[in-house]
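The values are calculated or read from the model by the stated rules, or taken from the named source; none is laboratory data. This structure is a prediction, so every number in the text was calculated from the model and none was measured. Cβ placement follows ideal geometry from the backbone for every residue including glycine, while neighbour counts extend to all protein chains displayed.
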Amino acid sequence: MMSTPAPPAAVVLLSGGLDSATALAIARERGFRCHALSVDYGQRHAAELAAARRVARSLGADEHRIMRVDLAGIGGSALTDRSIAVPEEPTSGIPVTYVPARNTVMLALALAWAEVLGARAIFIGVNVLDSSGYPDCRPEFIAAFARLADLATKAGVEGHECRIEAPLISLSKAEIIRAGTRLGVDYAETVSCYQADETGRACGRCDACRLRRAGFAAAGLADPTRYRSA
């Protein structure tokens, strides 16, 4: 009797937010054994890492790891430097919540782990429509990193390329929420706020909160987010 081949492995970058949770659910739906990777990079709060643990567990990730990188030691972002205020009104240009090279660093970590695992896919929940103008959420960046991955790894040069999957890249927030809801994502477990408190309650005023709230409204679904003002 022939044995059934094991499902393919994928590394899924999991921040604990709405988008990455949806990306994990999509990877699972596509039949991957998901190895979830979260990064403690010195962000303002640990609530999103606690959310990542919940999401990895509830969505059936095979494994969940948290790696540490000290981007706070570099600073330059309201998310890693507490002396820089998180904007609570819309701003023009690339906002101060942009973390220099964050997605490049995270994808590099995911690529290294994928090579060790023999995984042929990395999932990342970037989205260009609701990205606040971050340059590392654009399709051009994802395509460029995929080319780098082919050149920079043993697996790549031996013909075992690792695809960079960004299934949400061109979706609206409402479309993302509808997709995740269909796949059973419990968005009450996720944390998107840039300045959530230690229990994960959202401020309701930052850009991430505005985008999230508008997404649920546009999707015609109740917003399960816990706000500090509630």
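The conditions of being closer than 30 Å to R82 by Cβ and over 20 Å from the mean Cα position of the chain (by Cα) are not met by R147.
Being of a type in the set (S, T, N, Q) and surrounded by fewer than 17 Cβ atoms within 10 Å (Cβ to Cβ) narrows it down to one of S92, S38, so name that one.
Only one candidate passes the filter, namely S92.
Residues considered: R44, R82. Of these, the only one that is charged (D, E, K, R), surrounded by 17 or more Cβ atoms within 10 Å (Cβ to Cβ) and assigned to a loop (DSSP other than H, G, I, E, B) is R44.
Among the candidates A21, A36, which residue alone is assigned to a helix (DSSP H, G or I) and among the aliphatic types (A, V, I, L, M)? Break it down into steps so the answer makes sense when it comes.
On the way: A36 fails: assigned to a helix (DSSP H, G or I).
After ruling out the rest, the residue left standing is A21.
For segment 172-221, residues that are among the aromatic types (F, W, Y) and either modelled with pLDDT under 95 or within 17 Å of the chain's Cα centre (by Cα) (or both) total 2.
Among the residues here, R33 qualifies as among the charged types (D, E, K, R), touching a Pro at 6+ places or on another chain (Cβ under 8 Å) and either touching a residue at least 12 places away in the same chain (Cβ under 8 Å) or closer than 19 Å to I142 by Cβ (or both).
Within segment 57-69, identify whether any single residue is of a type in the set (S, T, N, Q) and either touching a Ser or Thr at 6+ places or on another chain (Cβ under 9 Å) or closer than 30 Å to V157 by Cα (or both), and answer yes or no. No, segment 57-69 contains no residue that is of a type in the set (S, T, N, Q) and either touching a Ser or Thr at 6+ places or on another chain (Cβ under 9 Å) or closer than 30 Å to V157 by Cα (or both). Within segment 107-124, the residues that satisfy the criterion of being touching a Cys at 6+ places or on another chain (Cβ under 8 Å) and in a helix (DSSP H, G or I) are L111, A114, E115.
Against the condition surrounded by fewer than 17 Cβ atoms within 10 Å (Cβ to Cβ), closer than 30 Å to L151 by Cα and in contact with a helix residue (DSSP H, G or I) (Cβ under 9 Å, 6 or more places away or on another chain), how does E63 come out, does it pass?
yes
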